[in-house]
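**Q** Below: one structure in structure tokens.
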Amino acid sequence: MKKIQFGTVPERLDRNRYETDVEQSHIQIDQQAAAATGAGLLLVRVCPAHVYSQQSDGTIGVLYAACLECGSCLAVAPPGVLSWHYPRGGRGVIFREG
Ligand code: SF4
């Protein structure tokens, strides 16, 4: 019987492929709403792919190409902070496992 090798989470995530939509981000942040609600740091903490980052000017950066489309940010963002939809035309993450 063949032994299955699972590897670590980073190793498994590294097997994914990404078809990035270079013309349009599928994630937009209302920076004023994020600052007013404190949601920016919540997004930084909750995203497993480190899509969100706090910039030196206090705004929240979005590295949308790394998105795993898990929906965690949508679950925690207060109304009006985040605009999120799936990437256009089948682009985005292509899972190799799981
Ligand atoms: S959907 Fe998941 S991976 Fe994508 S930005 Fe939101 S929390 Fe991060």
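**Q** Taking 7 Å along the Cα-to-C-beta vector as the label spot, tell me the MET1-ARG15 distance in nanometres, rounded to one decimal.
**A** A separation of 1.9 nm, rounded to one decimal place.
**Q** Taking every alpha carbon pair in the stretch 16-94, what does the distance histogram look like in 5 angstrom bins from 0, in percent?
**A** 3, 17, 28, 25, 16, 8, 2, 0
**Q** Turning to a different aspect of this structure: Probe of 1.4 angstrom, ligands and nucleic acids ignored: what's the accessible area per residue over the chain, in square angstrom?
**A** I get 68 Å² per residue for this part.
**Q** Please check which bits of the stretch 43-58 a label hung off CYS70 would reach, taking the label as a point 7 Å along Cα-to-C-beta and the cut-off as backbone N under 18 Å.
**A** Residues 43-54 qualify, since their backbone N sits under 18 Å from the label point.
**Q** If contacts are Cα pairs under 8 angstrom and at least 6 residues apart, what is the relative contact order of the chain in percent?
**A** About 41 percent, as a whole number.
**Q** Turning to a different aspect of this structure: Using 0.36 nm per residue of separation minus the Cα-Cα distance, give me the extension gain between GLN54 and THR8 in nm, one decimal.
**A** That works out to 13.9 nm of additional length.
**Q** Mind checking the full-extension length gain between HIS85 and GLN31? Use 0.36 nm per residue of separation minus the Cα-Cα distance, one decimal, nm.
**A** Computed gain between HIS85 and GLN31 is 17.7 nm.
**Q** Within the accessible area of the stretch 1-70, what % is carbon and sulfur when the probe is 1.4 Å and the other protein chains stay in place?
**A** The computed percentage sits at 54.
The values are calculated or read from the model by the stated rules, or taken from the named source; none is laboratory data. Given the structure is predicted, the values throughout are model-derived calculations rather than measurements. All Cβ positions, even for glycine, are placed from backbone atoms using ideal geometry, and neighbour counts span all protein chains on display. What goes into the accessible areas is simple: the full protein's heavy atoms, side chains included, and nothing from ligands, DNA or RNA. Shrake-Rupley method; radii C 1.70, N 1.55, O 1.52, S 1.80 Å.
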